[in-house]
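Inspection log for the structure reproduced underneath, given as structure tokens.
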Amino acid sequence: MTQQRGAIVVGASSGIGEALSRRLAADGYEIGLAARRTERMRRIGNELPTKSYVATMDVTAVEDARQGFFDLAEAMPSVDLVVLSAGVATVNRDLEWEPERQTIDVNVRGFTALATAAMEYFESTPDHASESDGHLVGISSVAAHIGNDDAPAYSASKAYVSTYLEGLRYREGDRDTDVAITTIEPGFVDTKLSLGGFWECSPETAAAQIARAIEKKRTHAYVTRRWRAIAWLVDLLPERLRRRLF
């Protein structure tokens, strides 16, 4: 069993992905940084207290992204954790096709390509620093609980992420492997993707709470935790009332 824990963070060049990479490195993980901005990731990697690995990756080029993931995993002594944090959010009330297409390509196609790659890796690679067969974490959103007239594709794509991860958890229950799967649903986080400021937290605060959920291997966590009440309320309200309130 390898003793050095390793984590791959997809979408590591900014926002939650960057903050979480720094937090996981502080907790002792070697970090595989994957995103499009190579030089930015190299700078982040040089600032980490543990060894880092960099893979240039555009998740919309799904075949290349999957191969890049496997190459990155092979280069690392151990990969015990994969965090899928890459995502886009665009205000698009006019329903222009290009922003909707890009959102689907990144948040749905790209996410699924890397989620299936991570599961394939965990289920076929027995040697991990942790006792389990791996841990997949997907960054969804509280927006998954309700449609958004400003960014309809974004909310729909995050509902897909949450439901897909739930399906993977159910699937894992019928298999011999022991892969933990965690869904993270942030509210507003102060990044370029933020669509509002209500209860907005810093990426560092988000990273600290996500790291805690990872450590405890929770199946689901809200960031910050107070958003749990909002999500539950939205789920309970009839659609007519939700439309009036939101």
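The values are calculated or read from the model by the stated rules, or taken from the named source; none is laboratory data. Just so it is clear, the model here is predicted, and its values are computed rather than measured. Positions of Cβ are generated from backbone atoms using ideal geometry, with glycine treated the same way; all protein chains shown enter the neighbour counts. Only protein heavy atoms, including side chains, enter the accessible area calculation; ligands, DNA and RNA are left aside. Shrake-Rupley method; radii C 1.70, N 1.55, O 1.52, S 1.80 Å.
One table, with the values for the structure above:
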{"quantity": "Estimated distance in nm for a label pair at Ala61 and Phe198, the labels positioned 7 Å out from Cα along Cα-to-Cβ", "calculated": "4.0 nm"}
{"quantity": "Relative intensity, log₁₀ I(q)/I(0), of segment 1-43 from a Debye sum that treats every alpha carbon as a point, q = 0.17 Å⁻¹", "calculated": "-0.42"}
{"quantity": "Low-density loop cleavage sites - trypsin sites (Lys or Arg not before Pro) in segment 1-74, where at most 16 other Cβ are within 10 Å (DSSP)", "calculated": "Arg36, Arg37, Lys51"}
{"quantity": "Linear extension gain, Ala26 paired with Thr116, 0.36 nm per residue minus alpha-carbon span", "calculated": "29.6 nm"}
{"quantity": "Extension reserve of the Glu74-Arg101 stretch, reckoned as 0.36 nm per residue once the Cα distance is removed", "calculated": "6.5 nm"}
{"quantity": "Length-normalised contact order of segment 82-191 in % [C-alpha pairs under 8 Å, at least 6 apart]", "calculated": "32 percent"}
{"quantity": "Nearest-0.05 FRET efficiency for Asp176 and Leu233, computed from C-beta distance (R0 45 Å)", "calculated": "0.70"}
{"quantity": "Percentage of interatomic Cα-Cα distances in the chain larger than 27 Å", "calculated": "31 percent"}
{"quantity": "The chain: calculated mean residue ellipticity at 222 nm from DSSP helix runs of at least 4, using -39500 (n - 2.57)", "calculated": "-14000 deg cm²/dmol"}
{"quantity": "Gain upon complete extension [Thr205, Arg225; 0.36 nm per residue less C-alpha separation]", "calculated": "6.1 nm"}
{"quantity": "Fraction of accessible area attributable to carbon and sulfur, the chain (%, probe 1.4 Å)", "calculated": "48 percent"}
{"quantity": "Cleavage-rule hits, GluC sites (Glu not before Pro), segment 18-103, DSSP coil, Cβ neighbours within 10 Å at most 15", "calculated": "Glu96"}
{"quantity": "Principal axis box of segment 25-134, alpha-carbon based, largest edge first, Å", "calculated": "49, 32, 22"}
{"quantity": "Solvent exposure of the chain as accessible area per residue, Å², 1.4 Å probe", "calculated": "49 Å²"}
{"quantity": "Hydrodynamic radius by Kirkwood, which averages 1/r over all alpha carbon pairs of segment 117-233, in angstrom", "calculated": "15.2 Å"}
{"quantity": "Helical segments meeting 15 Å axial Cα length and Kyte-Doolittle 0.5 threshold in the chain (DSSP H)", "calculated": "111-124"}
{"quantity": "Label point distance in nm, Val91-Ser124, each placed 7 Å from Cα along Cα→Cβ", "calculated": "4.4 nm"}
{"quantity": "Cα point-scatterer Debye curve for segment 139-183, base-10 log of I(q)/I(0) at q = 0.16, 0.17, 0.19, 0.33 Å⁻¹", "calculated": "-0.47, -0.51, -0.58, -1.09"}
{"quantity": "Percent RCO, i.e. relative contact order, over the chain, from Cα pairs under 8 Å lying at least 6 residues apart", "calculated": "18 percent"}
{"quantity": "Charge dipole of segment 26-140 about the Cα centre (unit charges at C-beta), most positive-ward option of Val106, Ala89, Ser140", "calculated": "Ala89"}
